[in-house]
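Visitor: Quick one: the structure is below, and I'll ask about it shortly.
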Amino acid sequence: LKLKFFLMQKMLLLDAYALIFRSYYAFINRPIKNSKGQNTSAIYGFTASLDEVLRKENPDFIAVVFDYPGPTFRNKLFPAYKANRQKTPEDIKISVPYIKRVLEGFNISVLEIEGFEADDVIGTLAKMSEKAGFKVLMMTPDKDYGQLVSDNILMVKPAKKSSDAEILGPAEIMNLYSIQDPLQVTDILALW
């Protein structure tokens with residue numbers, strides 16, 4: 001399997017907002033600020049995670065997927081969808097255009113699909129890419145992605161202070177949740 005992975009072209013898909021929020025909150029007690037006092041924690045953390053995964057994985061193709069800034073099909077089905085979610089901190093809103101400029105500097109595609117969240121887009125791209133013969137890496141701390149993991153679709157959880165990024169395949173997901181199939185992640189999350 002490892003030789004097969006080595007020979008396959010590699011597609012890297014990053015869940016932008018999951019990584020941005022994670023980076024912002026990682027520095028919440030000691031925010032990183034520039035000379036003008038702007039909180040740059042999200043920008044720094046996102047860029048550091050991006051740089052690390054690019055160096056370690058050297059993907060053939062990459063895209064960073066953002067949630068579309070308007071309502072999704074879920075809002076049409078259920079108007080109260082995410083109604084109780086806290087508002088996005090202003091520091092994150094201010095950071096997003098800078099992060100998109102960083103991605104432009106790296107010449108990395110940014111995807112936002114009207115009516116869909118990043119999870120939907122990444123899940124669809126991952127499954128389509130797998131069928132086309134790619135090895136797919138989904139970089140996100142979001143446990144929902146565990147349901148997509150297969151022999152050719154892996155989840156990359158970003159590095160933490162004391163550890164490197166963690167790559168999760170089917171065995172790791174099944175062990176993590178004590179399940180027999182990654183598809184059962186949906187059952188576990190529904191029960192939680």
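Visitor: Out of region 44-64, which residues are touching a helix residue (DSSP H, G or I) at 6+ places or on another chain (Cβ under 6 Å) and either within 19 Å of GLN9 (Cβ to Cβ) or open to solvent by 30 Å² or more (accessible area, probe 1.4 Å) (or both)? Give the steps one after another, and end with the answer.
Guide: Taking region 44-64 first, the residues touching a helix residue (DSSP H, G or I) at 6+ places or on another chain (Cβ under 6 Å) are 45-47, 49, 64.
Correct list: THR47, VAL64.
Visitor: Further question: Identify, by number, the condition in (1) modelled with pLDDT under 95; (2) surrounded by fewer than 18 Cβ atoms within 10 Å (Cβ to Cβ); (3) of a type in the set (D, E, K, R) that LYS33 doesn't meet.
Guide: (1)
Visitor: Say we look at region 140-183 and pick out the residues that are under 24 Å from PHE27 (Cβ atoms) and among the polar types (S, T, N, Q); which of these is farthest from the chain's Cα centre (by Cα)?
Guide: Per the criteria, the residue is SER162.
Visitor: A further question follows. Among the numbered criteria (1) open to solvent by less than 70 Å² (accessible area, probe 1.4 Å); (2) under 25 Å from TYR44 (Cβ atoms); (3) touching a strand residue (DSSP E or B) at 6+ places or on another chain (Cβ under 7 Å); (4) hydrophobic (A, V, I, L, M, F, W, C), which single criterion is violated by VAL102?
Guide: For VAL102, the failing item is (3).
Visitor: I would also like to ask the following. For ASP144, all conditions in the list (1) in contact (Cβ under 8 Å) with a residue 40 or more places away in the chain; (2) in a helix (DSSP H, G or I); (3) more than 19 Å from ILE188 (Cβ to Cβ); (4) open to solvent by less than 70 Å² (accessible area, probe 1.4 Å) hold save one; what is the number of the exception?
Guide: If we test ASP144 against (1) in contact (Cβ under 8 Å) with a residue 40 or more places away in the chain; (2) in a helix (DSSP H, G or I); (3) more than 19 Å from ILE188 (Cβ to Cβ); (4) open to solvent by less than 70 Å² (accessible area, probe 1.4 Å), just (3) comes out false.
Visitor: What pairs can you find where one residue is in region 25-47 and of a type in the set (A, V, I, L, M, F, W, C), the other is assigned to a loop (DSSP other than H, G, I, E, B), and their Cβ atoms are less than 7 Å apart, with a gap of 6+ or different chains?
Guide: Listed by first residue and then by second, the contacts come to ILE32/THR40.
Visitor: Would you mention how many residues in region 86-98 are part of a helix (DSSP H, G or I) and farther than 14 Å from GLN38 by Cα? Lay out the reasoning, then the answer.
Guide: So in region 86-98, the residues part of a helix (DSSP H, G or I) come out as 90-98.
Keeping just the survivors that are farther than 14 Å from GLN38 by Cα gives none.
Looking only at that region, the number is 0.
Visitor: For region 111-141, how many residues meet the condition of being at negative phi and free of Cβ contacts under 8 Å to residues at least 60 places away in the same chain?
Guide: Residues in region 111-141 being at negative phi and free of Cβ contacts under 8 Å to residues at least 60 places away in the same chain: 15 in total.
Visitor: LYS131: within 18 Å of GLN9 (Cβ to Cβ), of a type in the set (D, E, K, R), open to solvent by 40 Å² or more (accessible area, probe 1.4 Å) and out of contact with any helix residue (DSSP H, G or I) (no Cβ under 7 Å at 6 or more places or on another chain), yes or no?
Guide: So LYS131 passes the test.
Visitor: Follow-up question, since we're still on this one. Scan region 160-171 and tell me whether some residue there is surrounded by 23 or more Cβ atoms within 10 Å (Cβ to Cβ), in a strand (DSSP E or B) and modelled with pLDDT of 90 or more.
Guide: The initial filter retains those residues of region 160-171 that are surrounded by 23 or more Cβ atoms within 10 Å (Cβ to Cβ), namely none.
Scanning region 160-171, I find no residue that is surrounded by 23 or more Cβ atoms within 10 Å (Cβ to Cβ), in a strand (DSSP E or B) and modelled with pLDDT of 90 or more, so the answer is no.
Visitor: What is the number of the single condition among (1) among the aromatic types (Phe, Trp, Tyr); (2) modelled with pLDDT of 95 or more; (3) farther than 25 Å from THR124 by Cβ that PHE6 does not meet?
Guide: Evaluating PHE6 over (1) among the aromatic types (Phe, Trp, Tyr); (2) modelled with pLDDT of 95 or more; (3) farther than 25 Å from THR124 by Cβ leaves (2) as the failure.
The values are calculated or read from the model by the stated rules, or taken from the named source; none is laboratory data. All figures in this text were calculated on a predicted structure; none of them were measured in a lab. Positions of Cβ are generated from backbone atoms using ideal geometry, with glycine treated the same way; all protein chains shown enter the neighbour counts. Heads up: the accessible areas ignore ligands, DNA and RNA and are worked out on the full protein's heavy atoms, side chains in. Shrake-Rupley method; radii C 1.70, N 1.55, O 1.52, S 1.80 Å.
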